[in-house]
1. At pLDDT below 95, of a type in the set (Asp, Glu) and surrounded by fewer than 19 Cβ atoms within 10 Å (Cβ to Cβ) - does that describe any residue in region 94-115?
2. State all residues of region 50-63 that are assigned to a loop (DSSP other than H, G, I, E, B) and more than 18 Å from SER91 (Cβ to Cβ); if no residue qualifies, say none.
3. Is there a residue being surrounded by 24 or more Cβ atoms within 10 Å (Cβ to Cβ), in contact (Cβ under 8 Å) with a residue 60 or more places away in the chain and either under 30 Å from THR99 (Cβ atoms) or of a type outside the set (Phe, Trp, Tyr) (or both) anywhere in region 196-205?
4. Taking region 177-233 on its own, how many of its residues are among the hydroxyl-bearing types (Ser, Thr, Tyr) and assigned to a helix (DSSP H, G or I)?
5. Can you give me the number of residues within region 64-90 that are assigned to a helix (DSSP H, G or I) and within 21 Å of the chain's Cα centre (by Cα)?
6. Go through region 141-161 and count every residue that is more than 14 Å from the chain's Cα centre (by Cα), crowded, with 23+ Cβ neighbours inside 10 Å and outside any helix (DSSP H, G or I).
7. With LEU35, LEU60 as the choices, which residue is of a type in the set (A, V, I, L, M, F, W, C), open to solvent by 60 Å² or more (accessible area, probe 1.4 Å) and free of Cβ contacts under 8 Å to residues at least 24 places away in the same chain?
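The values are calculated or read from the model by the stated rules, or taken from the named source; none is laboratory data. This structure is a prediction, so every number in the text was calculated from the model and none was measured. As a convention, Cβ positions derive from the backbone with ideal geometry for all residues, glycine included, and neighbour counts pool all protein chains shown. Surface areas here come from the heavy atoms of the whole protein model, side chains and all, with no ligands, DNA or RNA. Shrake-Rupley method; radii C 1.70, N 1.55, O 1.52, S 1.80 Å.
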Amino acid sequence: MNDPWHTLRQFTQARIAQGRAGCSLPTSALLDFQLAHAAARDAVHQPWAIDCFAKAVEMLGLEALILATPITSRVQYLLRPDLGRCLDEASRQRLKSRTAEAIDVALIISNGLSSTAVDSHGLALLEAIVDTYQRSGLRLGPVCLTSDSRVALSDEIGALLNARLAVIIVGERPGLSAADSLGIYLTYAPRIGNTDAERNCISNIRPPDGLPYQAAAAKLAYLTHEALQRGFSGVRLKDDMPKQLLD
């Protein structure tokens, strides 16, 4: 008998039409599940080699600025999300001591909940974003690198850099079908106290199975332009980007 679910498997990475062996899964499906679970755990607990990443950023001709949160371990990062939303005092003073020249966009990168995602896609995505921004004539600050951070940290960094807009590239929470997905969060007028309702998100950036780098950069450039023109981001900023701009 032909099961239509087997035909649908080619269109999704979701675990459908796994088959069965008696009342359980076939061995191949069980092993695949265990491998995906292990990859997700590794993505969360793997430390990020931030110094190596900073050198790679500098090789692109960009300034890399390594900052830190009060987090001291990945376990603490998981248990204390509040500490991942703020800089430690040394990093805060480092940004305060910089020239307060206004910039359009503060770019931040963090491993977030998936170091695997940043290691696999972070540099290529950053290169695509910077290229798109520079062609738009936007003023960029240093590329701020922060381990063990939450999305809201972009508010404090953006405010200290006197940026009109903050953009953070962060490793997304891994699932059993994707352990290497990146997300981008954009916030107009970054300041401590902003809520998630004031952000726009572009998620599932992980070619070849997710959104390509250039498409993500084009989407971000569109949302950036609209946010700067309209003076807001978040739920009020709708994604009305014409499809042809993604091609």
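1. Yes, there is a match, as at least one residue in region 94-115 is at pLDDT below 95, of a type in the set (Asp, Glu) and surrounded by fewer than 19 Cβ atoms within 10 Å (Cβ to Cβ).
2. Of all residues in region 50-63, those assigned to a loop (DSSP other than H, G, I, E, B) come to 60-63.
LEU60, GLY61, LEU62 - these are the residues of region 50-63 that are assigned to a loop (DSSP other than H, G, I, E, B) and more than 18 Å from SER91 (Cβ to Cβ).
3. So far as region 196-205 goes, yes, one or more of its residues are surrounded by 24 or more Cβ atoms within 10 Å (Cβ to Cβ), in contact (Cβ under 8 Å) with a residue 60 or more places away in the chain and either under 30 Å from THR99 (Cβ atoms) or of a type outside the set (Phe, Trp, Tyr) (or both).
4. Taking region 177-233 first, the residues among the hydroxyl-bearing types (Ser, Thr, Tyr) are 177, 181, 185, 187-188, 195, 203, 213, 222, 224, 233.
Subset that is assigned to a helix (DSSP H, G or I): 213, 222, 224.
Residues flagged as among the hydroxyl-bearing types (Ser, Thr, Tyr) and assigned to a helix (DSSP H, G or I) within region 177-233 amount to 3.
5. Initially, region 64-90 is screened for residues assigned to a helix (DSSP H, G or I), giving 74-79, 81-85, 89-90.
If we keep only those that are within 21 Å of the chain's Cα centre (by Cα) as well, we get 74-79, 81-85.
Here the count works out to 11.
6. Total satisfying the criteria: 2.
7. Numbers: LEU60 fails: free of Cβ contacts under 8 Å to residues at least 24 places away in the same chain.
Criteria check complete, one pass: LEU35.
Condition check ((1) touching a Gly at 6+ places or on another chain (Cβ under 7 Å); (2) more than 14 Å from HIS121 (Cα to Cα); (3) of a type in the set (D, E, K, R)) across all residues:
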position	(1), (2), (3)
LEU153	yes, yes, no
ASN162	no, yes, no
VAL167	no, yes, no
ASN194	no, yes, no
ARG199	yes, yes, yes
ASN204	yes, no, no
ALA215	no, no, no
GLY231	no, yes, no
LEU237	no, yes, no
